[in-house]
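The values are calculated or read from the model by the stated rules, or taken from the named source; none is laboratory data. The structure presented is a predicted model; accordingly, all values stated were derived computationally and were not measured. Counting neighbours? That spans all protein chains shown, and the Cβs are built from the backbone with ideal geometry, glycine included. Heads up: the accessible areas ignore ligands, DNA and RNA and are worked out on the full protein's heavy atoms, side chains in. Shrake-Rupley method; radii C 1.70, N 1.55, O 1.52, S 1.80 Å.
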Amino acid sequence: MGTTLFEKIWDKHVVKTIPQGPSILYIDKHFIHEVTSPQAFSGIEKRGLKVYRPKQVVATADHNVPTINQHLPIKDALSRIQVQQLKDNCEKHDIELYGLGHPYQGIVHVIGPELGITQPGMTIVCGDSHTSTHGAFGSIAFGIGTSEVEMVFATQCLLQTKPKLLRFNIEGELNKGVVSKDIILYIISKITAAGGTGYFVEFAGSVIRNLSMEARMTICNMSIEMGARGGMIAPDETTFNYIKGRQFAPQGEEWERKLGEWKELKTDEDAVFDKEIDIDAADIQPMITYGTNPGLGIAINALIPATESIADEGERKNLVQALEYMGLHGGQTLLGTPVQHVFIGSCTNSRIEDLRLVAEVIKGKKKNANVQVMIVPGSQQVVAQVYAEGLDKIFIEAGFEIRQAGCSACLGMNEDKIPAGDYCVSTSNRNFEGRQGAGARTLLVSPLTAAAAAITGVITDVREIL
Amino acid sequence: MEKLTIIKSTFYPLPIENVDTDQIIPARFLKATTRDGFGKNLFRDWRYINNDETQPKPDFVLNQPQYHGQILIAGKNFGCGSSREHAAWSLLDFGFKVIVSSFFADIFKNNALNNGVVPVMVTDAFLEKIFQLGCEDTLTVNIEDQTIIIDITGEEETFEISNYKKTCLINGYDDIDYLLSNKEYIEAFETAS
């Protein structure tokens, strides 16, 4: 029997397996940031240990940083201390830090791939659930807690139980106005926010093979939003072309050797998954969420489900609570709902391709006067590219605000928060209660749909203005 | 970690599904650099009106004086979302040793176990029975036997936990101790690959 992509990488990284227990899994790359690492550093120090393999750790400051005036000291004292502590810890433990002001700084899941650090066949972890993003390169990448960050610091290993495997086969032609964010929002709306729990996911099929790396990253990024530990896509020419020539990509003979290895990384024809789900691309429309978990999504021109149509009592109660929080009603359309904020950013949709999509829609247009639009590029390199390509002029003419790199209003840890009661059409990944600020109401969409709302000031089917 | 064998306690019922870690501990409270003191912000936005500690929401379970104990009972898919271990720290700091639900998110489950908070997964039917109990009724969770018992009726279910994790909880070991004891295997693996 053949093996899956996941199993090929997993088997190569098992140091030892405890009988009827977890395996010791070797970790190739460990990304860290300021929010989930301080307690892990103090943990190993309390044990009298140093970071075991500092060269395999890369750090950046992203969650907590301001997105304006990054050259000035951070105003919020607690944020400043956290960012400073990351700097001190990295110095003490000899870890490479791309901190504020560094040309490589940015959201950890944007910079890893764009610097060529993320490569096929690797095991990659970070104290952040969206680490699944890196799976787009054919790596096993998943989010961990701070105790696990401490384990990787101490031993470059984790104790892991092999997950079950789920494959989505996505075939057919994508409809007009449908991009990768719509694919993943559609999948999550079908299998629910818990439907992937216990599984590691592979995304396959012709639709996936035809996507760019940026688009694949958006899909793998949101694997966690269906509860899956991670998502992955077999590497191919698109992957290799993306990596080639990047700062930390293998060079010369090493490149040739690696390329040979990477080409073997695919699921065998006769490999068996615990579960497989076929998706017809024709069924996918531009998507939007209406509730308070990413599974509560619909096609943008569909009606919100009527609460009385939900048979399961727990689910119905959840939906009632979600709609009450969102100020929406079962059975209504979202089209035409006024929005106060548009947020374009986050590790899901802040790469150059996402911003190009937005620019295409809004070029020569102005934003609606009642909407505040914030564009937060994922990294300093993306910022530089926005200016190099002249996208900045399009955004500024439209009345959008271009910020510096960081996680920003995706999770509202810095000052970029959405006020209570306001609607925010957002390209980020979570619409939980209070996620973007206490009382904020988040509607998750693709960059195209976000751009459309920015122009019209209401929730809009982007196909009408394309 | 504290050794855990048997926890017998009353409980707090939270019959809400998909409780995400942003609700357990909102992001704005993640700026601390130690593991302590998160309990006061547990379920912060469900617990207080306008984020004001002097205005507890009277209908939220943590604010209802009849409820107390070391066990939290929650609807399915507890702990979904962000990987923040601060969620487990805040539950532990508040005084919870056991969380009972019919389904747990993966990362939360690991984070809880790594902090000596036991995620006990029961069937939907058993969960419903617990929600029907009174505030003075107790549950007994036995780690060794992997059982949870409704003391007043004697009804019982078994729950899953790996032998490895069970040994860790009963003896107060953590994964780092175990990994460090395998350093020679790890070095050999690095040399070979």
Output ³J(HN,Hα) for the stretch A:4-20: one whole-Hz value per residue in order, computed from phi by the Karplus curve 6.51 cos²θ - 1.76 cosθ + 1.60 with θ = phi - 60°, and x for Gly and Pro. 8, 3, 4, 5, 4, 6, 4, 4, 6, 10, 7, 7, 6, 10, 7, x, 6
Counting just the Cα atoms, what span does chain A cover along each of its three principal axes? Round to the nearest Å and put the largest first. 56, 56, 45
Pick from B:Leu30, B:Leu42, B:Leu127 the residue whose mean-square fluctuation is largest in a GNM of chain B, springs joining Cα atoms under 10 Å. B:Leu30
Which ³J(HN,Hα) values, rounded to whole Hz and listed in residue order, are derived for the stretch A:457-463 from phi using the Karplus coefficients 6.51, -1.76 and 1.60 in 6.51 cos²θ - 1.76 cosθ + 1.60 with θ = phi - 60°, glycine and proline given as x? x, 9, 5, 9, 7, 4, 5
A:Lys75 and B:Gln132 label points (each 7 Å along its Cα→Cβ direction) are spaced in nm at 5.5
Mind checking the stretch A:175-248 for GluC sites (Glu not before Pro) that DSSP puts in a loop (not H, G, I, E or B) and that have at most 10 other Cβ atoms within 10 Å? none
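Report in % the part of the accessible area of chain A that belongs to carbon and sulfur, leaving out ligands and nucleic acids; probe 1.4 Å.
50
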Are there any trypsin sites (Lys or Arg not before Pro) in the stretch A:1-88 that are in a DSSP loop and have at most 13 other Cβ atoms within 10 Å? List them by number. A:Arg47, A:Lys50, A:Lys75
Threshold 20 Å², probe 1.4 Å: give the residues of the stretch A:171-196, in number order, that are less accessible with all protein chains present than with their chain alone. A:Ala193, A:Ala194
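About the Cα centre of the stretch A:287-460, what is the dipole size in debye to 20, counting +1 per Lys and Arg Cβ and -1 per Asp and Glu Cβ, all else neutral?
Values: 14 positive and 16 negative charges, 71 e Å.
Dipole about the Cα centre, nearest 20: 340 debye.
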How many percent of DSSP beta bridges within the stretch A:287-460 run antiparallel, rounded to 5? 30
Set of aspartates and glutamates with alpha-carbon distance to B:Lys3 below 18 Å, sequence-local pairs under 8 removed: B:Asp93, B:Glu144, B:Asp145, B:Asp174, B:Asp175, B:Asp177
Please list, in chain and number order, the residues 5+ apart from B:Val100 or on another chain whose amide H is under 5 Å from its amide H, with Hs placed from the backbone. B:Leu72, B:Ile73, B:Ala74, B:Val120
Would you look at the GNM of chain B, springs on alpha carbons closer than 10 Å, and say which of B:Ser102, B:Ser162, B:Ser83 moves the most? B:Ser162
Given axes a ≥ b ≥ c from the Cα gyration tensor, I'd like to know whether the stretch A:330-466 is rounded (a/c under 1.5), prolate (a/b larger than b/c) or oblate. oblate
Would you mind telling me the antiparallel percentage of the DSSP bridges in chain B, rounded to 5? 50
Where the centre of each part is set by its Cα atoms, how far does the stretch A:432-462 sit from the stretch B:16-63, in angstrom? 26
Describe numerically, in nm with one decimal, the distance between label points set 7 Å from Cα along Cα→Cβ at B:Tyr173 and at A:Asp283. 4.7
Estimated FRET transfer efficiency (A:Glu173, A:Thr17; beta-carbon r; R0 25 Å; 0.05): 0.05
Going by amide H atoms built from the backbone, whose H comes under 5 Å of the H on A:Ile32, apart from near neighbours? A:Val58, A:Ala59, A:Thr60
Cα→Cβ-extended label distance, 7 Å offset, between A:Ala302 and A:Lys365, nm: 2.4
Scan around B:Phe11 for amide H atoms under 5 Å from its own, H built in the peptide plane at 1.01 Å from N, and keep only partners 5 or more places away or cross-chain. B:His68
Buried accessible area between A and B (1.4 Å probe, both chains summed, ligands and nucleic acids excluded), in Å² to the nearest 100? 4700
Karplus-derived HN-Hα couplings along the stretch A:317-332 (A = 6.51, B = -1.76, C = 1.60, θ = phi - 60°), whole Hz, x at Gly and Pro: 4, 4, 5, 4, 5, 5, 5, 4, 4, 7, x, 10, 10, x, x, 8
List the residues of the stretch A:39-76 whose backbone N lies under 15 Å from a point placed 7 Å from the Cα of A:Asp94 along the Cα-to-Cβ direction. A:49-58
Can you tell me the length gained on complete extension of the stretch A:Glu276 to A:Arg53, counting 0.36 nm per residue apart and subtracting the Cα distance? 76.5 nm
For the stretch A:204-248 and the stretch A:9-47, distance of Cα centres in Å: 23
Please identify the GluC sites (Glu not before Pro) of the stretch B:82-158 that satisfy two criteria: DSSP loop assignment and at most 13 other Cβ atoms within 10 Å. Which are they? B:Glu136, B:Glu144
Expected 222 nm ellipticity per residue - DSSP helices of 4 or more, -39500 (n - 2.57), all of chain A, to 500: -9000 deg cm²/dmol
Report the FRET efficiency, 1/(1 + (r/R0)^6), for B:Lys183 and B:Ile6, where r is their Cβ-Cβ distance and R0 is 45 Å, rounded to 0.05. 0.85
Can you grab the distance from the C-alpha centre of the stretch A:131-190 to the C-alpha centre of the stretch B:98-148, Å, no decimals? 27
Multiply the residue separation of A:Arg246 and A:His329 by 0.36 nm, subtract the distance between their alpha-carbon atoms, and state the gained length in nm to one decimal. 25.0 nm
Mind counting lysine pairs for me in the stretch A:287-460? Cα separation below 17 Å, and the two need to be 8 or more apart along the chain or on different chains. 4
Taking the stretch A:287-460 and dividing mean pair separation by its residue count, relative contact order in percent (alpha carbons under 8 Å, at least six apart): 29
Positions from the stretch A:415-440 whose accessible area shrinks by 20 Å² or more when the full protein complex is built, not the chain alone, probe 1.4 Å: A:Arg430, A:Phe432, A:Glu433, A:Arg435, A:Ala438
In the stretch A:11-162, lysine pairs with alpha-carbon atoms under 20 angstrom apart (chain gap of 8 or more, or interchain): 16
Cα-based shape type of the stretch A:249-394, given that a ≥ b ≥ c are square roots of the gyration tensor eigenvalues and the cut on a/c is 1.5: oblate
Per residue, accessible area of the stretch A:11-162 with a 1.4 Å probe, heavy atoms of protein chains only, in Å², comes to 31
